[in-house]
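Structure first, commentary second.
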Amino acid sequence: MTVDLVLLMLAAVLGAVALYTFIGFIPGTDETSVLAPVTLALVLSGAPPQVVLSFFVSAVVTLNLMNGIPTALVGLPGGVMSAPLMEHSVLLRNRGLASDTIRKMAVGSAIGTLVSIPLSFALAGLIARFAEPIKAQAPLILAACAVLLALLGRNRILALVAIVPMALMFEALPALYHATHIIPADKKVSISFFLGITVGPMLVTLLELLNPGRRAALPHGGRTRTALLRSGFETHRLVPSRLITRSEGWWSAAMAALSTPLFMLSPVGLTFLLGEASASRQKEDRVRRSQRAVTVMSALTHSTYLAGVIIPLVALGFPVSGVSAGPAMPLFEAPPVYDLDHQNNLHHQLQMPGFIAAVTLGALIAVVITYVIAVRWSSQITYFVMRRIPHEAVLALFVAFVLLLAYIDAGIPNIFGVLLIGVLCGALNRLGVNYGVQFMTLYAAPGIVKALATLAAPA
C-alpha cells in the first residue's frame, strides 16, 4: 500500500464524514438513497477499491449515528435504521433528556462498531469455504429470513400471510413501469420503495385525519412545551463510562456480538428485536428502560450494518443480506467497473489485508469524529433545534424528500406507487407486521415471485 493510496483513503474518509454528518441531520435520509448513489459515482469514477470501501464504511458509521439525532430531537426517523429508536427517544425527549439520549447513542455506536468489525472478519474467514453453496441458494436464504422475522414478530400469522402479497406488489409495480415504458427495461426501482415502507405508519396516521370523528378526538390546545434540563448544557467528558452505565455498556457489547452472525437478517428487524429484548428486564423505571434501549439499539444499528456489508463482501462476493442487496450493492455490481456475472468486484480485487486496512481506517476515523461531535455539541444542537426549527417544517421536509425520491426513481406514477406501498405497509405495521419483515420481503421479492411463477407454470 503506497503513501498516495493512503492519502486518497484518508481524503475519502474525511469527505464521507463531512458529507454524511450534514446529511444525517436531515430527517428522511434513507440509507440506501443517500449511500448507494454516491458510492456508485465513486466506483464509476475509477477510484481504487480500497478508497471505495473506506469511504463506504466511514459513511455508514457517520450516517447511522447522525440519523439518530433528529430522532432524539424531534421524534422523526433520520433514516430507516433510526426507526426502532423512535418510541424510546420520544419518551426521553418529553422528559427533557434529548441531550443525554444523543450521548448514549454516541457511546452505543462506538461499542457496536468496535465489537462488530473483528467478529465480522473472523466469521467471513469461516464462511468463505462455503461460498459456492450459499451463492446458489441466495434467493431461498433471503425468503427464509423473511419467514424467520415473521415468526419472531408480534402478529405471526398475519406476517406470514402478508409475505407473498407484499412480494407481488414490490415486483408488480416495476413490471408495470417497464410495460408502460415509464422507465427503461434495464432500470430497477427499489430505493423509493424503502422510504415508502418507512413512512407507512405516518401516512396511515395522516389518512386518519380525513375522518371527522378521529380529528375531533385529537387533543386541542396551545403550544406544546418541551423541557430541556439545564444539566444537559454542562461540559461533558469524552470518557464513555461517564455517559452510560456499566449495564448499558455490557448489554450493548453483548447484543452487537450476537447480531453479527445474524448478518443475513434485516438490520431493522434485528435492532427492534434485540434492542427490546435487552430493555425488557428493566420494567420498573421507564426512563432507565428507554435509556438502555437507545444505547443498545445504537450499537445494533452499527453492528448489523457493518456485518451485513463485511461478511458477504469478504466471504462471498455476492449479496446475501439486506444491507448488501441495498445500500452496499455498488460494491458488488456497478457495470462496467464491477460485475457479478463476470466475478469482478471488490471481493475479487482485494485480499484480506486490504479489506482489514480499508474497513479499519474508515470505521475508526469516522467513529472518533462523530463521537466527539455528538458528545461535545449535542446540547447546543438540541437547543437550536428545539428553539428555532418548527416540528411542522421538519415533517414537511420529510414528506417532500420521499415524494422527490419517488419522482426521481420513476416519475409521477411512482409517487402514487410509493404512496400505495406506504399505506399498505403502514396498515400492516399497525396490525403487527414489523419493519423487519417488510424490508426483508422487499429484498426477497424477486426470488419469491420467480418461485411462484415456476410453480404456476404447466408441467
Residue that is among the hydrophobic types (A, V, I, L, M, F, W, C), touching a strand residue (DSSP E or B) at 6+ places or on another chain (Cβ under 7 Å) and within 26 Å of L346 (Cα to Cα), where the choices are V34, V43: V43
Residue, surrounded by the most Cβ atoms within 10 Å (Cβ to Cβ), within region 271-323, restricted to residues that are assigned to a helix (DSSP H, G or I), at pLDDT below 90 and of a type in the set (K, R): R289
Cβ pairs under 8 Å, 6+ apart, first in region 156-170 and of a type outside the set (A, V, I, L, M, F, W, C), second modelled with pLDDT under 95: R156/A150
Number of the exception - Y338 against (1) more than 20 Å from S109 (Cα to Cα); (2) surrounded by fewer than 21 Cβ atoms within 10 Å (Cβ to Cβ); (3) aromatic (F, W, Y): (2)
One residue from P446, P413, P458 being loosely packed, with under 15 Cβ neighbours inside 10 Å and either of a type outside the set (S, T, N, Q) or more than 21 Å from the chain's Cα centre (by Cα) (or both): P458
Count of region 135-186 residues which are crowded, with 21+ Cβ neighbours inside 10 Å and in contact with a His (Cβ under 8 Å, 6 or more places away or on another chain): 0
Per-region count, region 211-225, residues under 31 Å from the mean Cα position of the chain (by Cα) and at pLDDT 80 or above: 0
Filter result (of a type in the set (A, V, I, L, M, F, W, C) and either within 15 Å of F193 (Cα to Cα) or in contact with a His (Cβ under 6 Å, 6 or more places away or on another chain) (or both)) within region 429-459: V437, F439, M440, L442, A444, A445
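The values are calculated or read from the model by the stated rules, or taken from the named source; none is laboratory data. Predicted, not measured: the structure shown is a model, and the values here were computed from it. Don't worry about glycine lacking a Cβ; one is built from the backbone with ideal geometry, like all the others, and counts go over all protein chains shown.
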